[in-house]
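First the structure, in the form of structure tokens, and then the observations on it.
The values are calculated or read from the model by the stated rules, or taken from the named source; none is laboratory data. Just so it is clear, the model here is predicted, and its values are computed rather than measured. Heads up, the Cβs are rebuilt from the backbone with ideal geometry, glycines too, and the neighbour counts pull from every protein chain shown. Surface areas here come from the heavy atoms of the whole protein model, side chains and all, with no ligands, DNA or RNA. Shrake-Rupley method; radii C 1.70, N 1.55, O 1.52, S 1.80 Å.
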Amino acid sequence: MFDKILIANRGEIAMRVLRACKELGIPTVAVHSTADADAMHVRFADESVCIGPPAAKDSYLNIPSVLAACEITGADAVHPGYGFLSENARFAEILGEHNVHFIGPKPEHIRLMGDKIEAKRTAVRLGIPVVPGSEGGISSDEEAAKIAREIGFPVLVKAAAGGGGRGMKVVQTPEELSNALSTARAEAKAAFGDDAVYLEKYLQRPRHIEIQLLGDGKGNAIHLGERDCSLQRRHQKVWEESPSPALNTAARDAIGETVAKAMRELEYLGVGTVEFLYEDGKFFFIEMNTRIQVEHPVTEMVTDIDLIFEQIRVAAGAPLSLKQSDVKFHGHAIECRINAENPVSFRPSPGRIQHYHAPGGLGVRMDSAIYQGYSIPPYYDSLAAKLIVHGKTRTECLMRLKRALDEMVMDGIETTLPLHRALVREADIIDGNYHIHWLEQFLARGGMES
Ligand code: MV4
């Protein structure tokens, strides 16, 4: 096992990793920017190192600074959390070159999945169902027109270096195609320095369902079921749940086994998530994330598996401690992301939390790094807390969620709490009857004002 783990992150995920390390008896190092000197993760770690000024590019994204912090403290492993350096293949390699373990996948797999064209090609090779579209990148307008004719309009132009919704263009008619391609290429070149694009059939009203995976890098891999993350606004997830209200056991087992088998073949190491669009009873691969995700607690609550603990174990070279048949799903879990944002405009609302009361009781979990009197800095994402609620059934989970949301107090800043209190009372949400555009449509029809 590792002697000392450096956590190259901040906020609730830094706290989540710190807690796992404490339970494992592994000493911890926090790194922080000057804006985070008072942050909870700094107080809870055994040691801390200031790695730079507030801007993330000068601190949490600064590889030489993080590496220097490892050297100074003698940390022999780095947990990157999510965001920041978590999917930077070069960072993982550099750590390796300095005999520091990266708690995450092999660099080659991070790189492979970072290129969305290569990721999709790999999915096809491994027998994972993908969205119909171009086999690789698009090299001419003629080629694009031919493929679009075959799959039918509307189509979607996506950037190879994109992902998470960046660099996409919906094309409704053949006439718009050529323009969409050149715009998408120019935008991709400017944003990512790579103008490769590919084409897919545009699915109109799918759900976003993702499968959680865990592999030991030696050919053992299991799936931990799905999360339904369809409730999003501008590609920011708002509410995630497991199991998906849209799936039954047979469908879950089938897609789960398909992706687990693919990960065995890849000899995938660590946790990963394969994202699908799900429409008319069929799954279509879109992307794979090679990091722990914000919404991982939803899976932890329904499987009783500590994903951070498992990440650390396999990164240290241990074989998987679980077989697929050891994974049992029980009950239902929902996560609400409480952001420091106006609940209607979603404008960030950093500032001091004057009054704070965290909800409690049976089945209620709060993952956060805030406290009364804490000032949420303006430099990073606006996630203030994750409320995760578990129940034996979805109905019980919703009852507890409504109660927990009503108990929570977070005053002094604007938060998305009012949005969640409204969602938990909406008939479509109660019925599990929603898709990837539901939330934007709800907001557009004034769901929050009425
Ligand atoms: C799509 C799609 C429809 N058809 N691909 C957006 C984020 C990126 N991960 C993939 N995305 C989409 N890809 C095809 N072929 C619609 C979306 C999409 C979306 C996906 C998941 C959750 C919310 C979304 C909101 C808008 C568009």
Solvent-accessible area, 1.4 Å probe, carbon plus sulfur percent, for region 174-265:
47
Once phi is turned into θ = phi - 60°, what whole-Hz ³J(HN,Hα) does the Karplus curve with 6.51, -1.76 and 1.60 give for every residue of region 33-38, x standing for Gly and Pro?
7, 5, 6, 10, 4, 9
Say we join alpha carbon atoms closer than 10 Å with springs in a Gaussian network model of the chain; which of GLY11, GLY361, GLY114 then has the biggest fluctuation?
GLY361
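Check each of the trypsin sites (Lys or Arg not before Pro) in region 186-244 and keep only those in coil by DSSP with at most 12 other C-beta atoms within 10 angstrom; list them in order. Intermediate results must be reported in sequence, preceding the final value.
On the way: sites: LYS189, LYS201, ARG207, LYS218, ARG227, ARG233, ARG234, LYS237; in loops: LYS218, ARG234.
The qualifying sites are ARG234.
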For the pair GLU150/GLU267, report the inter-label distance in nm, with labels modelled 7 Å from Cα in the Cβ direction.
3.4
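If you take every residue apart from PRO107 with its C-beta less than 9 Å away from the C-beta of PRO107, what net charge results, scoring Lys and Arg +1 and Asp and Glu -1? Don't skip to the answer; put the middle values down first.
Numbers: positive: ARG90, LYS106, ARG111; negative: GLU93, GLU108.
Result for the neighbourhood of PRO107: +1.
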Taking 0.36 nm per residue of sequence separation and subtracting the Cα-Cα distance, how much length would be gained by fully extending the chain between GLU257 and ALA37, in nm to one decimal?
74.7 nm
How big is the C-alpha Rg of region 67-124 next to the rule-of-thumb value 2.2 N^0.38 Å, as a ratio?
1.26
Using label points projected 7 Å from each Cα along Cα→Cβ, tell me how many nm separate ARG90 and ARG166, to one decimal.
1.5
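Quick check of the Kirkwood formula: for region 5-85, what is the inverse mean of 1/r over all pairs of different Cα atoms, in Å?
On the way: mean 1/r = 0.0827 Å⁻¹.
Kirkwood radius, region 5-85: 12.1 Å.
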Any idea what log10 I(q)/I(0) is at q = 0.14, 0.17, 0.20 Å⁻¹ for region 96-177, Debye with uniform C-alpha scatterers and no solvent?
-0.58, -0.77, -0.98
Largest-first ordering by accessible area, 1.4 Å probe, given options THR395, THR290, THR258
THR395, THR258, THR290
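In square angstrom, what is the accessible area per residue of region 33-118 with a 1.4 angstrom probe? Display every interim value, and only then the final one.
Numbers: 3600 Å² over 86 residues.
Per residue, region 33-118 has 42 Å² of solvent-accessible surface.
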Using a 1.4 Å probe, how large is the accessible area of ASP3, given in Å² and rounded to the nearest 10?
110
Rolling a 1.4 angstrom probe over the protein chains, ignoring ligands and nucleic acids, what is the accessible area of ARG111 in square angstrom, nearest 10?
120
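At 10 °C and a viscosity of 1.306 mPa s, what translational diffusion coefficient does Stokes-Einstein give for region 207-444, taking Rh as the Kirkwood radius over Cα pairs? Give it in µm²/s as a whole number. Write down the numbers at each step before the final one.
Details: Rh = 18.5 Å.
The calculation lands on 86 µm²/s.
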Would you kindly state how much longer the chain becomes between SER140 and ARG19 on full extension, computed as 0.36 nm times their sequence separation minus their alpha carbon distance, in nm to one decimal?
38.4 nm
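According to the square roots a ≥ b ≥ c of the eigenvalues of the Cα gyration tensor, what is the shape class of region 234-280, taking rounded for a/c under 1.5, prolate for a/b larger than b/c otherwise, and oblate for the remainder?
Oblate.
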Using just the C-alpha positions of region 298-391 as equal point scatterers, what log10 of I(q)/I(0) does the Debye formula give at each q in 0.25 1/Å?
-1.23
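Taking Cα pairs under 8 Å and at least six residues apart, what relative contact order does the chain come out at, in percent?
Values: 970 pairs, mean separation 61.3, N = 450.
RCO, the chain: 14 percent.
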Over region 132-201, what relative contact order in percent results from Cα pairs under 8 Å that are six or more residues apart?
43
Mean-square fluctuation maximum in Gaussian network of the chain, Cα pairs under 10 Å, restricted to ALA251, ALA385, ALA92, hits ALA251
In square angstrom, rounded to the nearest 10, how much accessible surface does PHE153 have for a 1.4 Å probe?
60
Whichever aspartates and glutamates have a C-alpha closer than 15 Å to that of LYS386, once near sequence neighbours (fewer than 8 apart) are set aside
GLU12, GLU240, GLU241, GLU295, GLU300, GLU335, GLU341, ASP367, ASP406, GLU407
On a C-alpha basis, how far is the centre of region 383-424 from the centre of region 279-317 in Å? Whole number, if you could?
22
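Would you work out the relative contact order for region 207-444, in percent, from Cα pairs under 8 angstrom that are 6 or more residues apart? Please report the intermediate quantities before stating the final value.
Numbers: 498 pairs, mean separation 49.9, N = 238.
Here the relative contact order equals 21 percent.
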Which semi-axis lengths, in whole Å and largest first, follow from the square roots of five times the eigenvalues of the Cα gyration tensor of region 122-280?
30, 18, 15
Once neighbouring chains are kept in place and the probe is 1.4 Å, which whole percent of the accessible area of region 5-85 is contributed by carbon and sulfur?
55
Descending semi-axes in Å of the chain, equivalent ellipsoid built from Cα gyration tensor:
32, 28, 23
Leaving ligands, DNA and RNA out of it, rank ASP428, ASP280 by accessible area with a 1.4 Å probe, largest first.
ASP280, ASP428
For region 1-130, the count of lysine pairs 8 or more apart or interchain whose alpha-carbon atoms are under 26 Å apart comes to 8
Could you please state, rounded to a whole Å, how far the C-alpha centre of region 87-101 is from the C-alpha centre of region 216-262?
28
Of the residues SER345, SER33, SER321, which exhibits the maximal mean-square fluctuation in a Gaussian network model of the chain defined by a 10 Å Cα contact cut-off?
SER345
Scattering from the C-alpha atoms of region 204-346 alone, worked out with Debye: what is log10 I(q)/I(0) at q = 0.10, 0.16, 0.21 1/Å?
-0.33, -0.82, -1.34
